[in-house]
Amino acid sequence: MVRIAERHPVWTAIVVVAAAVLLWAIFAPWPEALENAVGRKKIFLNALFNGITLGALYFLVASGFTLIFGLMKNVNLAHGSLYMLGGYIGYETATATGWWLASFVVAFVVVGLVGVLLQVLVFRRMEGEDLKQTLVTIGISIVLADLMLWIWGGDFYQIETPLWLAGPVDLPLITGVSRRTGEAIMLSYPLVRLVILVAAIAIGVGMWLALARTRIGMLVRAGVDDRDMLSATGVRIQRVFVLVFAFGAGLAGIAGVIGGTFQSMAPGEDIRFLLASLVVVIVGGMGSIPGAALGALLIGLAEQFGSVYAPTYAVVLTFLIMVVVLAFRPQGLVAVRR
């Protein structure tokens, strides 16, 4: 951090000032003039936390995508369909068993098996042929979308939040001061979103440690750099890639359950989350787990603040971030060193 500050003093100063302003905006009571100009602090804090939790959902989808696309160089444009399939399977499991946690396990296993089929039957036969992979997976995504529309119809489905996670929780953040009593009013926020945020952080840290500090992570990175040399040492690289593909697809299934819990599942969600994953991977950096986290956070915040303060340009703001990153840092904000 010290070296970065020494190399980029201006940007460091800008980041420090922005962080100080953000901390003040979060924790300090807002003066009446600021609320008249910007809006109520409660709206700002809700947009902030909604953006962070939406970023956590985008991260779970994009982290599996960055494993498959960024690390393994497999162009899987059916990844959004895996997300939606996981959401529908999670809904059916939670409805049949009444156990919310079981839906995560079933969705991870089923969608992971679909990922194994994709890797063995499609990508193994088209290694290094990006155009063929793109066209074939687009066709697969269309077929999967039609099958899911045939099975579940065009209705909206939402996975019921378990009772132990239902309702809001008070956070130690002041949203205003009561005019009658003069007491501080604290922010109330849904508990399930906070739990999902913590789970996403834990998964992200675990994935980063697995890729950076374990033997399987070393094998994956070595197989991407020089597959033939690693195979010559006796490592069954195809088996490793199948497991990684299954894990990335399973993460998309888990994200589908999460998305179906605090949002909803409906036709079209596959395209939305595929585009979000592409933007997150491009902004964060190909094959980088920290980059996927940073990109997901930026995109989630941009969407939520845009929808609150500039609803007409909310979608444009997301792609504007991608354009700026491509213009000034095309390798992504957190590029993977090879």
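The values are calculated or read from the model by the stated rules, or taken from the named source; none is laboratory data. This is a predicted model, so every value here is computed, not measured. Using ideal geometry, Cβ is built from the backbone for each residue, glycine included, and neighbour counts are taken over all protein chains shown. For accessibility, only protein heavy atoms count, side chains too; no ligands or nucleic acids. Shrake-Rupley method; radii C 1.70, N 1.55, O 1.52, S 1.80 Å.
Structure notes:
- Our Cα-only numbers for the stretch 233-338 put the radius of gyration and Dmax at 16.2, 57 Å.
- Full extension of the chain segment joining residue 222 with residue 314 gains 29.1 nm, where the gain is 0.36 nm per residue of separation less the Cα-Cα distance.
- Max mean-square fluctuation residue, GNM over the chain, Cα-Cα springs under 10 Å, options 106, 169, 242: 169
- Computed from Cα positions, the angle between helix 215-225 and the longest principal axis of the chain comes to roughly 70 degrees.
- Spin-label pair residue 191/residue 96, simplified geometry with 7 Å Cα→Cβ offset, distance in nm: 2.9 nm
- Using a Förster distance of 25 Å, the FRET efficiency for residue 213-residue 236 (Cβ separation, nearest 0.05): 0.70
- Inter-probe distance in nm under a simple model that places probes 7 Å from Cα toward Cβ, at residue 142 and residue 157: 2.4 nm
- Choice from 273, 328, 65 showing the highest fluctuation, given a GNM over the chain with Cα pairs closer than 10 Å: 328
- Overall dimensions of the chain as given by Cα atoms, namely Rg and Dmax in Å: 21.4, 76
- Its Cα centre serving as origin, the chain has a Cβ charge dipole (Lys and Arg +1, Asp and Glu -1) of approximately 880 debye.
- Carbon/sulfur fraction of accessible area - the stretch 24-101, other protein chains in place, 1.4 Å, %: 66 percent
- Accessible surface of the stretch 116-190, 1.4 Å probe, proportion on carbon and sulfur as whole %: 63 percent
- Where the chain is the region considered: accessible area per residue in Å², 1.4 Å probe: 52 Å²
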